[in-house]
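Engineer: Just passing along the structure, written as structure tokens.
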Amino acid sequence: MQCKVLLIYTGGTIGMNRNPQTGVLEPFDFEHLLCQVPELGQFSTEIATYQFDPPIDSSDMSPRLWTELVHIIADHYNQYDGFVILHGTDTMAYTASALSFMLENLSKPVILTGSQLPIGQLRTDGKENLITSIEIAAARRHDGTARVPEVCIYFSGHLMRGNRTTKQSAEEFNAFESFNYPHLADAGVHISYHDEFIHQPALLQRGIKADLTLRPQYRLDANVIIFSLFPGVREDLIRHIIATPNLRSIVMRTFGSGNAPHSPWLLSALHEGTRCGKVIVNVSQCLQGRVEMSRYGTGYQLQQAGVVSGCDATVEATVAKLMYLQGKYDDPEQVRKYMRQSLCGEVSLQ
């Protein structure tokens, strides 16, 4: 049976053209984008398209648009075997993370990709990214199930779990990396899938196939903020952030393996925040490695103040997970409980 893939164009560099008067990159019509890739006609896969109207710069991506994407996928879920989302690179890791939580019980590929150069330019990386993403979205196992049934980012020869991925470069074609989790596949002459790292919700359970019904979640609560610690961080500013009305959670980017200054005022402020119901999550400023709050005294003090360890999660995944959990639970203890768990492979627990 012929595979069917829905190609969703949100905007981004891949679908832009340079304005001859201003030199600025501007989005053009999606059909023109497809004309730049005649190779799509060689696929045995049936490809349908859906376009955001108007296309957006990924800097304008928002929880409302994540919900729109989930609606698009859920509404077409039974008609297609896989989905490819063309997306700007700046917020792609945030979108991939959000979709990984919102598309509960996903059993089909959702592959986000884009490019560093417009697809109409001679040296573009867009064609390979698009073509390979469609091939991966259509890939099947011998039993007919999806080869990669999860939300991923494909870029520059690498397929990565979406909620493990961070944009690492504004200049290189190799713009994304999954620093704390192995690649799910690498594409060269052949696409080499690393099955041992791919999430498989459709594994047989006692001889019976698992429930493959998608359970889309549409509600997000964006009362989240990120702040980074640095030498000389001011007490009044931190206390002002923690006391912000309606703020429900804080992603605190700390030093190294989850360390913070010994300042008594900081521990007092954090403890007051957790006592007032705010969820504070400790995420390292380092791209690679994990938070270990029991390793040094400063980290242990954060733990005592009620701060939750983000382990080896990315900032993008932590923010998206908090929005998702806050959309489901009013009780901060419930949010803390699930922040300590891996819901869809976003964190490695020890």
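Engineer: I need the per residue convex hull volume for segment 112-259, using only the alpha carbons, in cubic angstrom as a whole number.
Structural biologist: 204 Å³
Engineer: Which order, highest average first, do 171-184, 43-56, 308-321, 143-156 follow once you tally other Cβ atoms within 10 Å for each residue and take the mean per peptide?
Structural biologist: Descending packing order for the listed peptides: 308-321, 143-156, 171-184, 43-56.
Engineer: Using only the alpha-carbon atoms of segment 38-118, report the extent along each of the three principal axes, biggest first, to the nearest angstrom.
Structural biologist: Each principal axis gives a Cα extent; for segment 38-118 these are 34, 34, 21 Å.
Engineer: If the label point is 7 Å along Cα→Cβ of residue 173, which residues in segment 114-139 have backbone nitrogen under 16 Å from it?
Structural biologist: Output list for this probe position: 114-133.
Engineer: At 4 °C and a viscosity of 1.567 mPa s, what translational diffusion coefficient does Stokes-Einstein give for segment 216-350, taking Rh as the Kirkwood radius over Cα pairs? Give it in µm²/s as a whole number.
Structural biologist: 88 µm²/s
Engineer: Name the long-range amide H neighbours of residue 85: under 5 Å, sequence gap of 5 or more, or other chain; modelled H, no Pro or chain starts.
Structural biologist: Here 8, 111, 112, 113 satisfy the definition.
Engineer: What ranking of 164, 295, 290 comes out by heavy-atom accessible area, probe 1.4 Å, highest first?
Structural biologist: Final ranking, largest accessible area leading: 295, 290, 164.
Engineer: Over 19 Å between C-alpha atoms is what I'm after, so list which of 278/321; 4/108; 278/337; 108/337 land there.
Structural biologist: Check vs 19 Å cut-off fails for 108/337.
Engineer: Quick one: work out the % antiparallel among DSSP beta bridges in the chain, nearest 5. Each step should come with its number before you reach the end.
Structural biologist: Values: 20 of 51 bridges.
Of those bridges, close to 40 percent are antiparallel.
Engineer: Here's another thing I want to ask about it. Give me the percent relative contact order of the chain, please, defined on Cα pairs under 8 angstrom at least 6 residues apart.
Structural biologist: On the way: 718 pairs, mean separation 50.8, N = 350.
Once normalised by length, the contact order is 15 percent.
Engineer: Over the Cα atoms of segment 270-326, how large are the radius of gyration and the largest Cα-Cα distance (Dmax), in Å?
Structural biologist: Spelled out, the Cα radius of gyration and Dmax of segment 270-326 are 11.6, 32 Å.
Engineer: A further question on this structure: Give the long-range amide H neighbours of residue 279: residues separated by 5 or more places, or on another chain, with amide H under 5 Å away, using H modelled in the peptide plane at 1.01 Å from N.
Structural biologist: Placed amide hydrogens put 249, 250 under 5 Å from residue 279.
Engineer: Right, next: May I ask you to give the solvent-accessible area per residue for the chain, in square angstrom, as obtained with a 1.4 angstrom probe? If you can, show how the numbers build up before the last one.
Structural biologist: Values: 15870 Å² over 350 residues.
Ligands and nucleic acids excluded, the result is 45 Å² per residue.
Engineer: Taking the Cα atoms of the chain, report the difference between the largest and smallest coordinate on each principal axis, in whole Å and largest first.
Structural biologist: 65, 63, 34
Engineer: Normalise the Debye intensity by I(0) for segment 1-157, one equal point scatterer per Cα, no solvent, then take log10 at q = 0.08, 0.13, 0.21 Å⁻¹ and round to two decimals.
Structural biologist: -0.21, -0.55, -1.46
The values are calculated or read from the model by the stated rules, or taken from the named source; none is laboratory data. Here the structure is a predicted model, which means the values were calculated and not measured. All Cβ positions, glycine included, derive from the backbone under ideal geometry; neighbour counts span all protein chains shown. Side chains included, ligands, DNA and RNA excluded: accessible areas come from the protein's heavy atoms. Shrake-Rupley method; radii C 1.70, N 1.55, O 1.52, S 1.80 Å.
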